[in-house]
Amino acid sequence: MESFIDEGKIQGLLKGVKASRDRGIEVREIIQKSLSKQRLDLSEVAALLNTEDPELIAEIFAGAKKLKELVYGNRIVLFAPLYIGNDCVNDCQYCAFRVSNKEARRRTLSDAELKKEIETLESKGHKRLILVYGEHPKYDADFIAKTVKITYATKKDRGEIRRVNINAPPLDVEGFKTVKEAGIGTYQIFQETYHQETYKKYHPRGKKADYLWRLYGLDRAQEAGIDDVGIGALFGLYDWKFEVMGLVSHAIHLEERWNVGPHTISFPRVQPAQGVKIDPKYLVSDEEFKRLVAILRLAVPYTGMILTARENPQIRKEVIDLGCSQIDAGSRTELGGYTDSQADQESDRQQFKLGDTRSLDEVMRGLLEDGYIPSFCTSCYRLGRTGEHFMEFAIPGFIHEYCTPNALLTLKEYLEDYSLPETKKAGNKAIQGVLDKMKNPKVKQIVIDKLARIEKGERDLYC
């Protein structure tokens, strides 16, 4: 088994080996290709990455924003991470949960503790979670499946979790089949860095030291029937331009082999963590971060892009505008962090330090004030619009016809059940604003009727 990441080709393209015409003409043509919902090839991505002219970079930003609006509208999907266990056999040098960190407090949530965390999240209004696990023999496929089933079965008042995504180590095909049967949404595996020498440096031992086992993890997931998969890189370990090319290479590989690209792409930056010392050589500046997000948006038009609470509120506000479709809110990165108010103050319990510690309601209100529609929609997953079927809707740009109505319905649920008065006022105003602009009278009437039913107490209505 060989790597499908062609490092020589990537480095050659980034060094400008390929001759190009006038850079301005080239960049504008590439942006137009992306706006036609076509995925870019590596040479086109490299051309955008090698663009240093401020005016052209501004055009890249504008193109990314326009593309996001065309494909996803102005809705932003919200979720929260829930850490299940931090025992780990790996020694990732950027992570506080690494096996060599003897100061880390190890813990695996009991079934009762897990239910309590879920109930706390539900009581705040969350409907979508991503469960996070260390890599350890105790966190096998059966264990993951059990925690998924507990999550779906746990309900508090009107609260329930409707989509459970997974961030966990790669499994074998049979393991992925077991997890799929539990009803998961997306299975997410970050390669961390696509540069093999750097990968070896930061992953000296443990199962994660096997670059190819991890690289082909999502192929095994596809083989097992999991057609919603998520990729990601941890920016700050190696050259950010190379990592962008690696992510796009991964997307191309999945398209070519499975006829479906990644459902999501994540691009977290390295953040401070207990006992972690990272070489500052490759740390990504805020301006570089905005560039990489915009270029990824243009490179893979159909893919959801996840912006995490690693970033501070101001950067999140700026970067969301460049093409992000999902964010987490009210997040904690420690075991039991949602039920223990002291947990976020104790660094020996965090995987890394968060930049945005606002509550879910504060994040919701901020999105509304910025003109976005917060969404907890899970209809595509529950109606079978996943994998290739999702691509059929997303690539032509029709997905917003489903997303906007469902975003309004899930927002209305939140406003009725959980929001503070000022958020409810802003949310109802935003809902009315969207209704006023709806061009399809049939869809508009369906949404109005369902909004009224929600006000009367019905829940979980979707299109």
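So the values come out like this:
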| item | result |
| --- | --- |
| Qualifying residue in segment 387-404 (condition: touching a strand residue (DSSP E or B) at 6+ places or on another chain (Cβ under 7 Å), more than 28 Å from Leu40 (Cβ to Cβ) and either of a type in the set (A, V, I, L, M, F, W, C) or at pLDDT 95 or above (or both)) | no |
| Yes/no for Ile31 being among the β-branched types (Val, Ile, Thr) and touching a helix residue (DSSP H, G or I) at 6+ places or on another chain (Cβ under 6 Å) | yes |
| Selection count where residues are under 28 Å from Glu197 (Cβ atoms) and among the charged types (D, E, K, R), scope segment 218-239 | 3 |
| Residue in segment 36-50 that is in a helix (DSSP H, G or I), touching a helix residue (DSSP H, G or I) at 6+ places or on another chain (Cβ under 9 Å), over 30 Å from Asp356 (Cα atoms) and hydroxyl-bearing (Ser, Thr, Tyr) present | yes |
| Options Pro280, Pro262, Pro272; residue that is farther than 20 Å from Tyr372 by Cβ, without any contact (Cβ under 8 Å) to a residue 40 or more places away in the chain and in the same structural domain as Val179 (by TED's automatic domain parsing) | Pro280 |
| Among the residues listed as Phe79, Phe97, the single one being aromatic (Phe, Trp, Tyr) and either surrounded by fewer than 24 Cβ atoms within 10 Å (Cβ to Cβ) or closer than 26 Å to Gly371 by Cα (or both) | Phe79 |
| Out of Lys412, Lys444, Lys429, Lys425, sole residue that is within 20 Å of Asp361 (Cα to Cα), among the basic types (Lys, Arg) and crowded, with 16+ Cβ neighbours inside 10 Å | Lys412 |
| Output for segment 308-334, where each listed residue is under 14 Å from the mean Cα position of the chain (by Cα) and without any contact (Cβ under 8 Å) to a residue 40 or more places away in the chain | Val319 |
| Which listed residue is in contact with a Ser or Thr (Cβ under 8 Å, 6 or more places away or on another chain), basic (Lys, Arg) and in a helix (DSSP H, G or I), from Arg291, Arg365 | Arg365 |
| Qualifying residue in segment 124-136 (condition: among the basic types (Lys, Arg), surrounded by fewer than 21 Cβ atoms within 10 Å (Cβ to Cβ), over 30 Å from Thr423 (Cα atoms) and assigned by TED's automatic domain parsing to the domain that holds Asp361) | no |
| Count - residues of segment 267-277 that are surrounded by 17 or more Cβ atoms within 10 Å (Cβ to Cβ) and assigned to a loop (DSSP other than H, G, I, E, B) | 7 |
| Hits in segment 158-191 - residues which are more than 13 Å from the chain's Cα centre (by Cα) and either small (Gly, Ala, Ser) or outside the structural domain of Gly230 (by TED's automatic domain parsing) (or both) | Gly159, Ala168, Gly175, Ala182, Gly183 |
| Lys33 vs. criteria over 21 Å from Trp240 (Cβ atoms) and either part of a loop (DSSP other than H, G, I, E, B) or in contact with a strand residue (DSSP E or B) (Cβ under 6 Å, 6 or more places away or on another chain) (or both) | no |
| Any hit, segment 208-222, residues being closer than 30 Å to Arg163 by Cα and of a type in the set (Gly, Ala, Ser) | yes |
| Answer residue from segment 95-113, given it is touching a residue at least 40 places away in the same chain (Cβ under 8 Å) and outside any loop (DSSP other than H, G, I, E, B) and is farthest from the chain's Cα centre (by Cα) among those | Glu113 |
| Residue in segment 220-232 that is of a type in the set (Val, Ile, Thr), buried (at least 18 other Cβ atoms within 10 Å of the Cβ) and either at positive phi or in contact with a Lys or Arg (Cβ under 8 Å, 6 or more places away or on another chain) (or both) present | yes |
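Residue-wise test of (1) modelled with pLDDT under 95; (2) acidic (Asp, Glu); (3) on the phi < 0 side of the Ramachandran plot.
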| site | (1), (2), (3) |
| --- | --- |
| Lys115 | no, no, yes |
| Ile118 | no, no, yes |
| Ile130 | no, no, yes |
| Pro137 | no, no, yes |
| Asp140 | no, yes, yes |
| Phe143 | no, no, yes |
| Arg158 | yes, no, yes |
| Val164 | no, no, yes |
| Asn167 | no, no, yes |
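Residue-wise test of (1) in a helix (DSSP H, G or I); (2) closer than 22 Å to Tyr94 by Cβ; (3) under 17 Å from the mean Cα position of the chain (by Cα); (4) not polar (S, T, N, Q).
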residue: Leu237; (1), (2), (3), (4): no, yes, no, yes
residue: Met245; (1), (2), (3), (4): yes, yes, no, yes
residue: His250; (1), (2), (3), (4): yes, yes, yes, yes
residue: Arg257; (1), (2), (3), (4): yes, no, no, yes
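The values are calculated or read from the model by the stated rules, or taken from the named source; none is laboratory data. In this text, all values refer to a predicted model and were calculated from it rather than measured experimentally. Backbone-built Cβ (ideal geometry, glycine too); neighbour counts: all protein chains shown.
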